[in-house]
Amino acid sequence: MGLKGTNKALKEGCKVYSFRSGGGLRVIRIEKGKKLMGYGDYWNVEIALSRASKEYLTGKDQNEPRYLTGSSTASSPLDSWILRGRDLEAWRENDKIVCQLKGLAYVEYPKDITEEVIKTGKPVVWTSDRGYTYRLTKYYYADSAVGVISEVIKRPEGDDFSIMYHITKTGYGKNFSEAVKNALRAKEVEVK
């Protein structure tokens, strides 16, 4: 993926933004202040990045075909992040490139507990590290599949995000690709 323009833009003080459009396209915007300096959209984030990078280098629209919708299949870990409606923001900080991934995360119930509930049919009470207490109960779906449903029975005061919550993941690198790679590997930090 040709990112020469993206790296040049970041070194010259631009910010790079990525998000998923309503139709599922992956969108890349390179901005300096409020001015759009490069733009790319495509079915996946890699080609959208390449298009925005080329546009930044040439200073003009690449006149590439435009599409209304994106793919529902991810082409990479970064594409998967954007496909799920999450965002990316990158900028230069001193001699490093910073990539911050932002989005929503879902509470995941421990596998051993969900297996126990399905096997025994007995509800289990579980408290997450976020301070929520859930009652997990065996559930039969209309198609006869068996699963687990949850009910919040205690929540931290003033917090209403029991199933989904805002997170960031931040990575640093000598270039955009390295910063993205490190952000994808970074620990999730909950944003209150």
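The values are calculated or read from the model by the stated rules, or taken from the named source; none is laboratory data. In this text, all values refer to a predicted model and were calculated from it rather than measured experimentally. Cβ coordinates were reconstructed from backbone atoms using ideal geometry, including for glycine residues, and neighbour counts include every protein chain displayed. When the accessible area is computed, the model is the full protein with side chains, heavy atoms only, and any ligands, DNA or RNA have been set aside. Shrake-Rupley method; radii C 1.70, N 1.55, O 1.52, S 1.80 Å.
Numbers at a glance
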item	result
Candidate set: segment 96-126, residues that are modelled with pLDDT of 95 or more, out of contact with any helix residue (DSSP H, G or I) (no Cβ under 9 Å at 6 or more places or on another chain) and open to solvent by 70 Å² or more (accessible area, probe 1.4 Å); chosen: the one nearest to F176 (Cα to Cα)	K102
Boolean, T137 is under 29 Å from L83 (Cβ atoms), at pLDDT 95 or above and of a type outside the set (A, V, I, L, M)	no
Residue that is most open to solvent (accessible area, probe 1.4 Å) [pool: residues in segment 165-178 that are more than 13 Å from the chain's Cα centre (by Cα) and closer than 27 Å to R130 by Cβ]	Y172
Selection status of G13, out of contact with any Gly (no Cβ under 8 Å at 6 or more places or on another chain), in a loop (DSSP other than H, G, I, E, B), within 20 Å of T170 (Cα to Cα) and open to solvent by 10 Å² or more (accessible area, probe 1.4 Å)	yes
Segment 113-141, residues that are closer than 30 Å to K192 by Cβ and part of a strand (DSSP E or B)	V124, V125, W126, T127, T133, Y134, R135, L136, T137
Contacts under 9 angstrom Cβ, first residue in segment 34-45 being within 15 Å of W91 (Cβ to Cβ) and hydrophobic (A, V, I, L, M, F, W, C), partner modelled with pLDDT of 95 or more and part of a loop (DSSP other than H, G, I, E, B), 6 or more apart	M37/E12; M37/C14
Selected residue [at pLDDT below 95 and either surrounded by 18 or more Cβ atoms within 10 Å (Cβ to Cβ) or over 19 Å from A179 (Cα atoms) (or both)] from S18, S72	S72
Qualifying residue in segment 179-190 (condition: touching a residue at least 12 places away in the same chain (Cβ under 8 Å), surrounded by fewer than 11 Cβ atoms within 10 Å (Cβ to Cβ) and basic (K, R))	yes
Options L68, L78, L57; residue that is more than 24 Å from H166 (Cα to Cα), in contact with a Leu (Cβ under 8 Å, 6 or more places away or on another chain) and touching a residue at least 12 places away in the same chain (Cβ under 8 Å)	L68
Options E157, E151: the member that is at pLDDT below 95 and assigned to a strand (DSSP E or B)	E151
Extreme residue, modelled with the highest pLDDT, among residues of segment 35-69 that are loosely packed, with under 14 Cβ neighbours inside 10 Å and closer than 26 Å to L104 by Cα	T69
